[in-house]
1. Would you confirm, using the coordinates I've provided, whether residue 177 is assigned by TED's automatic domain parsing to the domain that holds residue 48, without any contact (Cβ under 8 Å) to a residue 40 or more places away in the chain and of a type outside the set (Gly, Ala, Ser)?
2. From the list 31, 43, exactly one residue is surrounded by 17 or more Cβ atoms within 10 Å (Cβ to Cβ), in a loop (DSSP other than H, G, I, E, B) and in the same structural domain as residue 208 (by TED's automatic domain parsing). Which is it?
3. Within the stretch 194-224, how many residues turn out to be without any contact (Cβ under 8 Å) to a residue 40 or more places away in the chain and buried (at least 16 other Cβ atoms within 10 Å of the Cβ)?
4. Answer yes or no: is there a residue in the stretch 126-136 that is touching a residue at least 24 places away in the same chain (Cβ under 8 Å) and either buried (at least 20 other Cβ atoms within 10 Å of the Cβ) or aromatic (Phe, Trp, Tyr) (or both).
5. Assuming residue 124 fulfils every condition listed in (1) closer than 21 Å to residue 158 by Cβ; (2) assigned to a loop (DSSP other than H, G, I, E, B) apart from one, which condition is it?
6. Sort out which residues of the stretch 46-88 are under 20 Å from residue 3 (Cα atoms), touching a Leu at 6+ places or on another chain (Cβ under 9 Å), free of Cβ contacts under 8 Å to residues at least 60 places away in the same chain and of a type in the set (A, V, I, L, M), and write them in order of number.
7. State which residue is nearest to residue 50 (Cα to Cα) when the search covers only the stretch 193-222 and only residues that are part of a helix (DSSP H, G or I) and small (Gly, Ala, Ser).
8. Do we find a residue being surrounded by 13 or more Cβ atoms within 10 Å (Cβ to Cβ) and modelled with pLDDT of 75 or more anywhere in the stretch 298-306?
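The values are calculated or read from the model by the stated rules, or taken from the named source; none is laboratory data. Note that the coordinates shown come from a computational prediction; the quantities given were computed from them, not determined experimentally. Cβ sites come from the backbone with ideal geometry, for glycine too, and all protein chains shown count toward neighbours.
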Amino acid sequence: MSEPILSIRGLTKTYRGGTRALDAVDLDIHAGEIFALLGPNGAGKTTLIGAVCGLVRPSGGTITAFGHDLARDWRRARARIGLVPQELATDMFETVWRAVAYSQGLFGKPYDPARLEEILKGLSLWDKKDAQIRALSGGMKRRVLIAKALAHEPELLFLDEPTAGVDVELRKGMWDQIAALKQRGVTIILTTHYIEEAELMADRVGIIEGGRIRMVDEKRAMMERLGTTEAVIDLAAPLGEIPPALAGFALELSQAGTRLTYRGGNGEGRGRAEVAQLAQALTRAGIAFTSLDIHDSSLEDIFVGLLGKQAQEAA
């Protein structure tokens, strides 16, 4: 694998009062990927982004972007990094066009109306280019933030909760925009409360909790390793116990004896194959069933399960 375009080593941030927002974070980001950083509120996601983008001064550790140490040569690296912040902080009395054009010049890019037009049209903002930002809906204001971040053509783009407060239809449109950015070669780091976004778009997923990176892996590998399949089987007649013919399957029998629940395998196929074998074993044993419902765990199921397990271990 090529050298990372962003390398974070031992990054810590302790605020006044002793709150440690980041605790010895190590993380590498590679060119062209979409990396989803997931974690509960207060986990350290926004602090991590702020440290890379120059909004938060780290207490310790190093950040290297595009070969530049951000502590010593931040200007050259920062010009190649874009940020769409979580908060809708922008000049509400400015027009969309002027706000985006200002961001283009802020990083030393020459005024390029054609590029601004391309960005605004791509984000469905062209017909609002002369409108004041304060007159826009929440979803459009968030798209203006994305336009401002894209104006200086960053190679690495941070999206901190980019679809927070955006309705489902607009959210899907923004997913398309993010996919288009990846096609253009932009590397994207995404934080989101909508874990289906990460499941849909991310190449790799990192889980942060308590200021520490708990896990980083390719999304597919994570789901293969940690995902499970659950099958609920309603029986035509109650059983007193699980018969020996089914002893090889991970089964639970309901208290009434009318339902079998299988949990095992993983979400990428093995579990479903075992459920098929279970159905055949039921038929061979003469055990009739009226329904069989299968559910593969989602990335959200895995995420919630991991955080729950860590909370139990810490207790």
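1. Judged against the criteria, residue 177 is not a match.
2. Details: 31 fails: surrounded by 17 or more Cβ atoms within 10 Å (Cβ to Cβ).
The unique qualifying residue is 43.
3. 2
4. Among the residues of the stretch 126-136, at least one is touching a residue at least 24 places away in the same chain (Cβ under 8 Å) and either buried (at least 20 other Cβ atoms within 10 Å of the Cβ) or aromatic (Phe, Trp, Tyr) (or both), which makes the answer yes.
5. Of everything listed in (1) closer than 21 Å to residue 158 by Cβ; (2) assigned to a loop (DSSP other than H, G, I, E, B), residue 124 misses just condition (1).
6. Across the stretch 46-88, the qualifying residues are 63, 77.
7. So in the stretch 193-222, the residues part of a helix (DSSP H, G or I) come out as 195-201, 219-222.
Narrowing further to those that are small (Gly, Ala, Ser): 198, 221.
On the way: 198: 21, 221: 29 Å.
Taking the candidates together, the pick is 198.
8. No: the stretch 298-306 contains no residue that is surrounded by 13 or more Cβ atoms within 10 Å (Cβ to Cβ) and modelled with pLDDT of 75 or more.
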